[in-house]
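The values are calculated or read from the model by the stated rules, or taken from the named source; none is laboratory data. Every value quoted in this text rests on a predicted model; they were computed, and no experiment measured them. Every residue, glycine among them, receives a Cβ derived from its backbone with ideal geometry; neighbour counts consider all protein chains shown. The protein model used for the area step is the full one, side chains on, heavy atoms only, and it has no ligands, DNA or RNA in it. Shrake-Rupley method; radii C 1.70, N 1.55, O 1.52, S 1.80 Å.
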Amino acid sequence: MITLCSIASGSSGNCIYIGTENTHLLVDAGISAKRMEEGLHSIGVEPDKLGAILITHEHTDHVQGLSVFSKRHAVPVYATAGTLTRYLSSGKCSAELAGRLNEVEYGKSFSVGDIEVSPFAISHDAVKPVSYAFRAGGHKIGMATDLGKYDETIVESLRGSEILYLEANHDENMLLAGSYPYELKLRIMGGRGHLSNDAASELIGRLLHESLRVIVLGHLSRENNYPELAYETVRQDVCREWGFPAPAPEILVANRDKPSRRLSLE
């Protein structure tokens, strides 16, 4: 069995749990250490039992709780060389944490306990950002947030996922009509920004298969999206394109400030 639980998801902070009975991982540490601990306890996982924290990139909404959490819990941290270098230069990395940093490379899978982790490149305005796919017990979970566009490598990395956790950051019309400075709007909509609801739907259309059970929409903007709007945009496209005899996948929107429902494959 392999499980996903979104502890927090959104532009203000991200932290996702991936685990089996024997191995427990976090993807990103973008909320306070206290909230990370509370989120883990809410699903019956002791923070000291974590096998690794996998960081996607160095932006604050993905690392802000890492330093304090790492002082309390001696957990190995994995990220690309570019992300690690930038984090080390920030002055937030303690000597203890520096000794627990591990480098990942695009396209080179590795194992943490009984979970196989497959890193792949994403397009975002960070230093060598990465996302991950996970396999355990014959099942696969794919995850991709913070990407302004997708390519064939991303499609292939996510293909075959039974749970798909994907960014649906903004509605383009809301973003264009909103109060953000024009330069920031261009950054978000650009190739190194974030996926819109419509772009997420297009990517999901490339990934539909009869064993896809759940689609989780994450990393929604507080200012430029609504959970209901992201859900309906994707739901309509999935219903239109689904052509398999099996039931269409369930679509969920990850909660911003509290753990979402725990999803398991077995």
Notebook entry, point to check: For the residue pair residue 182 and residue 34, what label-to-label distance in nm results when each label sits 7 Å from Cα along the Cα-to-beta-carbon direction?
Noted result: 4.3 nm
Notebook entry, point to check: In bins 10 Å wide, starting from 0, what share of all Cα pairs of segment 1-72 does each bin hold, as a percent?
Noted result: 22, 61, 17, 1
Next item on the list: Rounded to whole Hz and in sequence order, give me ³J(HN,Hα) for segment 24-29 from the Karplus expression 6.51 cos²θ - 1.76 cosθ + 1.60, θ = phi - 60°, writing x for Gly and Pro.
Entry: 10, 10, 10, 9, 6, 9
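Using just the helices of the chain, give the 222 nm mean residue ellipticity in deg cm²/dmol: DSSP H runs with n ≥ 4 each add -39,500 (n - 2.57), and the total is spread over all residues, rounded to 500. Before the final figure, lay out the partial values.
Numbers: 10 runs with 81 residues, N = 266.
That calculation yields -8000 deg cm²/dmol at 222 nm.
Rank these residues by their accessible area, most exposed first, probe 1.4 Å: 84, 203, 186.
The ranking, largest first, comes out as 186, 84, 203.
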Note to self: Can I get the semi-axes of segment 199-266's equivalent ellipsoid? Compute them from the C-alpha gyration tensor as square roots of 5 times the eigenvalues, in angstrom, largest first.
What the structure shows: 21, 16, 9
Check: From the phi of every residue in segment 63-76, what ³J(HN,Hα) in whole Hz does the Karplus formula 6.51 cos²θ - 1.76 cosθ + 1.60 yield, where θ is phi - 60° and glycine or proline is x?
Finding: 9, 4, x, 5, 4, 5, 4, 5, 6, 8, 9, 7, 10, x
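Any idea what the relative contact order of the chain is, in percent, if you count C-alpha pairs under 8 Å spaced at least 6 apart? Can you show the working numbers first?
On the way: 619 pairs, mean separation 53.3, N = 266.
It comes to 20 percent, rounded to a whole number.
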Checklist line | Dipole of the chain, positive direction: furthest Cα of 137, 122, 110, with charges on the beta-carbon | finding: 110
Margin query: Restricting to Cα pairs below 8 Å that are 6+ residues apart, what does the relative contact order work out to for segment 130-207? Please round to a whole percent.
Written below: 35 percent
Margin query: Test of understanding: express the Cα radius of gyration of the chain as a ratio to 2.2 N^0.38 Å, with N the residue count.
Written below: 0.94
Margin query: Place a point 7 Å from the Cα of residue 22 along the Cα-to-Cβ direction; which residues of segment 94-134 have their backbone N under 13 Å from it?
Written below: 112-116
Notebook entry, point to check: When DSSP assigns beta bridges and you keep just the ones with both residues in the chain, what percent turn out antiparallel, to the nearest 5?
Noted result: 50 percent
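How high is the relative contact order of segment 151-266, in percent, with contacts defined as C-alpha pairs under 8 Å that are six or more residues apart?
Working: 154 pairs, mean separation 37.8, N = 116.
Worked out over segment 151-266, it gives 33 percent.
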Check: If you find the alpha carbon centre of segment 24-51 and of segment 151-220, how far apart are they in angstrom?
Finding: 25 Å
Check: So if R0 is 22 Å, what FRET efficiency would residue 151 and residue 240 give, r being the distance between their Cβ atoms, rounded to the nearest 0.05?
Finding: 0.35
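Can you tell me what percent of all Cα-Cα pairs in segment 69-212 are more than 19 Å apart? Don't skip to the answer; put the middle values down first.
Numbers: 6132 of 10296 pairs.
For segment 69-212, the share of Cα pairs beyond 19 Å comes to 60 percent.
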Note to self: Using protein chains only and a probe of 1.4 angstrom, how many square angstrom of residue 244 are accessible, to the nearest 10?
What the structure shows: 80 Å²
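Starting from the Kirkwood radius over alpha-carbon pairs of segment 133-231, derive D by Stokes-Einstein at 4 °C in a medium of 1.567 mPa s and give it in µm² s⁻¹. Walk me through the intermediate numbers first.
Details: Rh = 13.9 Å.
My calculation gives 93 µm²/s for D.
Below 24 Å Cα-Cα, how many Lys pairs turn up in segment 38-128? Only count pairs eight or more apart in sequence, or on different chains, if you could.
Details: 49/71; 49/92; 71/92; 92/128; 108/128.
Close lysine pairs found across segment 38-128: 5.
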